[in-house]
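*Asks:* Here it is, the structure in full.
Every number in this text was worked out from the coordinates using simple rules, so none of it is lab data. Source: prediction; values computed, not measured. Neighbour counts run over all protein chains shown; Cβ positions are idealised from the backbone, glycine included.
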């Protein structure tokens with residue numbers, strides 16, 4: 001019962017870190033979900049839902065200590081309110097963020113609030129104020145936050161310089177934006193967008209070469225990061241303009257949302273097309289809208305925003321003075337604490353001196369006690385000699401009795417030894433009889449095992465005979481395939497059928513291994529050959545296979561397959577993928593890439609499915625590499641997988657000689673990767689290339 005409180009305490013000490021770790025993981029997951037929800041709602045008009053999500057995300061990130069996401073969320077909230085609710089509401093949120101960051105002396109918060117104020121000024125066409133705030137935010141970042149991404153501030157400044165038609169400044173700001181750390185795809189796309197648009201300055205000059213160079217880089221980053229820009233439509237209009245496609249320019253200009261910009265661009269397009277009436281009409285509309293934009297209401301809003309920004313700056317200065325006074329008070333308090341510390345040290349030294357005096361007195365007392373102890377030692381020496389004589393007599397008596405006891409023990413041991421020896425001989429006889437019986441049983445088991453292995457070898461030969469090992473020798477086709485089961489029999493399959501100039505082929509992977517998988521594989525090949533001989537399309541073949549293999553499939557077995565049909569004359573390629581890993585097709589700019597295709601379910605799981613097929617107009621001269629997951633998931637002794645990316649890298653760096661060479665090269669690479677490890681799955685590889693006929 002004394003240890004019960006200790007055990008309870010140890011239990012809580014052990015469980016608390018586990019519970020805290022679990023809570024931390026849950027909190028991180030909640031923050032990630034809320035962040036995704038925030039970016040999903042930002043482009044919508046769901047005001048209440050967006051404000052609720054951002055408030056909860058701010059609270060969660062504040063508890064988790066994620067300062068960067070906390071202020072980014074607050075800045076997004078201010079921008080959303082400024083655009084979707086009212087400008088007044090957006091400026092109030094930005095002001096609250098500025099006050100909070102000043103109160104908590106958060107450099108990250110001060111930077112984001114400055115950037116938010118700059119964006120709001122830019123939206124109100126207060127370009128000089130916006131530029132000043134952007135440059136201040138950049139300067140503050142360089143001084144206090146060198147490792148954060150300031151690309152949004154540089155891009156904002158580039159936007160202002162673009163509106164001012166200052167081309168060199170636009171290029172300078174975008175260069176600096178692209179050199180920032182921790183860039184995201186949207187930053188890179190926006191930077192190249194402004195570089196494209198600045199290539200059109202100054203007006204009246206031939207910009208074709210400079211613009212097309214920037215345009216090519218812009219298209220590359222959009223494709224790479226799968227991101228887009230608000231200026232994409234305008235850039236496409238400029239591209240049509242500099243390349244003389246004025247009809248395309250007119251069609252794109254008609255889709256511009258801003259009426260002022262739309263009529264301006266349409267007027268230029270009509271002018272260059274020679275349609276002077278429509279050009280004059282669009283120019284009149286452009287001038288009418290331009291004149292109306294300089295209204296008294298816009299000037300009033302601009303003045304109000306300037307006044308609010310001045311008030312914010314004045315409040316910030318007052319808070320800085322207050323913080324300075326508080327720091328002076330803290331310094332004074334620290335001086336007082338230092339004085340008290342010195343007094344305490346002096347008192348401690350006095351106490352140490354007294355302790356030293358006490359220790360000297362205790363040493364004298366110890367010396368006196370040592371003298372008394374020496375006298376007691378002399379007395380104890382005489383007593384020890386007397387006791388020694390008495391002990392000698394006792395030892396002699398004990399030695400005599402010990403000799404008698406040893407003799408008795410020796411006699412007893414010899415008796416026990418003879419008895420145990422007789423028992424051991426009986427046990428050996430019984431063990432010999434059992435060993436003889438076991439040896440007979442082992443001979444019977446060995447004979448049965450050899451019979452089973454012989455039957456499995458025959459089954460392997462039958463299975464391997466079901467897949468083709470001879471391939472057509474034609475001037476317009478290069479085809480080769482191989483299959484390596486992980487066990488005596490396996491579940492992988494491949495087949496082809498050549499009907500005149502139409503090639504049908506397939507490659508599949510049955511779930512599981514061994515005899516059941518091989519039987520399922522045999523049935524699949526039989527059905528494929530039957531349907532291919534009827535000249536059916538790949539999608540229809542997959543649908544029919546699914547209907548047949550789901551019937552009476554109580555074991556739930558299935559097969560993933562890639563089925564193709566190729567016209568060797570035209571190169572037209574029809575295919576259907578049923579849950580199989582994508583093949584690799586060569587002949588593109590990357591020297592090989594994974595084939596993009598529709599994802600269908602594996603065959604044999606659910607009846608009634610309609611499989612979707614796809615088509616490529618021609619793949620003549622482009623090698624097609626198909627394989628099962630036994631290739632990409634091949635493991636070495638350290639259980640490291642070969643990998644799909646490694647397969648793609650090998651093919652990209654291998655010059656295509658023929659299909660046979662590609663398959664053997666990949667088998668050699670896998671063998672080298674395994675480094676002696678046993679195969680963990682069946683491996684099947686097929687390579688096809690439709691060649692240009694010499695006839």
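*Asks:* May I ask you to compute the full-extension gain from residue 225 to residue 107, defined as 0.36 nm times their residue separation minus their alpha-carbon distance, rounded to one decimal in nm?
*Replies:* Difference between extended and current length: 39.4 nm.
*Asks:* Now for a different question. I'd like the FRET efficiency for residue 123 and residue 232, computed as 1/(1 + (r/R0)^6) with the beta carbon distance as r and R0 of 22 Å, rounded to 0.05.
*Replies:* 0.65
*Asks:* Sticking with this one: Give me the extension gain from residue 86 to residue 639: residue separation times 0.36 nm, minus the current Cα-Cα distance, reported in nm with one decimal. If you can, show how the numbers build up before the last one.
*Replies:* Working: separation 553, 0.36 × 553 = 199.08 nm, distance 5.90 nm.
Answer, rounded to one decimal: 193.2 nm.
*Asks:* How far is it, in nm, from the label point at residue 167 to the one at residue 399 when both lie 7 Å from their Cα along the line to the Cβ?
*Replies:* The two pseudo-label positions are separated by 12.0 nm.
*Asks:* Take peptides 464-471, 529-536 and line them up by average Cβ neighbours within 10 Å, highest first, as a rough protection proxy.
*Replies:* Numbers: 464-471: 12.2, 529-536: 15.5.
Order by mean packing, descending: 529-536, 464-471.
*Asks:* What are the semi-axes of the equivalent ellipsoid for segment 574-625, taken as the square roots of 5 times the Cα gyration tensor eigenvalues, largest first, in whole Å?
*Replies:* 26, 11, 7
*Asks:* I would also like to ask the following. For residue 425 and residue 390, what does the FRET efficiency come to when R0 = 45 Å and r is the distance between their Cβ atoms, rounded to the nearest 0.05?
*Replies:* Computed FRET efficiency for residue 425 and residue 390 comes out at 0.25.
*Asks:* Pull out the extension gain between residue 175 and residue 248, defined as 0.36 nm times the separation in residues minus the alpha carbon to alpha carbon distance; nm, one decimal.
*Replies:* Length gained, residue 175 through residue 248: 23.2 nm.
*Asks:* Where does each of 505-517, 205-217 land if you order them by average Cβ count within 10 Å, highest first?
*Replies:* Final packing ranking: 505-517, 205-217.
*Asks:* So if R0 is 45 Å, what FRET efficiency would residue 33 and residue 672 give, r being the distance between their Cβ atoms, rounded to the nearest 0.05?
*Replies:* Details: r = 44 Å, r/R0 = 0.98.
Efficiency at R0 = 45 Å is approximately 0.55.
*Asks:* Okay, next question. Cα convex hull of segment 251-294: how many Å³ per residue?
*Replies:* Details: hull volume 2.2 nm³, N = 44.
Output value, Cα hull per residue: 49 Å³.
*Asks:* Using Cα pairs under 8 angstrom and six or more residues apart, how large is the relative contact order of segment 251-294, in percent?
*Replies:* Working: 36 pairs, mean separation 15.9, N = 44.
Averaging sequence separation for qualifying contacts and normalising by length gives 36 percent for segment 251-294.
*Asks:* Hey, another quick one. Calculate the length of the line joining the C-alpha centroid of segment 125-188 to that of segment 239-263, in whole Å.
*Replies:* 28 Å
*Asks:* Please state the relative contact order of segment 116-273 as a whole percent: Cα pairs under 8 Å, 6+ residues apart?
*Replies:* Relative contact order of segment 116-273: 14 percent.
*Asks:* Students often check this: by mean Cβ neighbours within 10 Å, which of 404-416, 37-49, 568-580 ranks highest, and how do the rest follow?
*Replies:* Per-residue Cβ counts within 10 Å, averaged per peptide and sorted highest first, yield 568-580, 37-49, 404-416.
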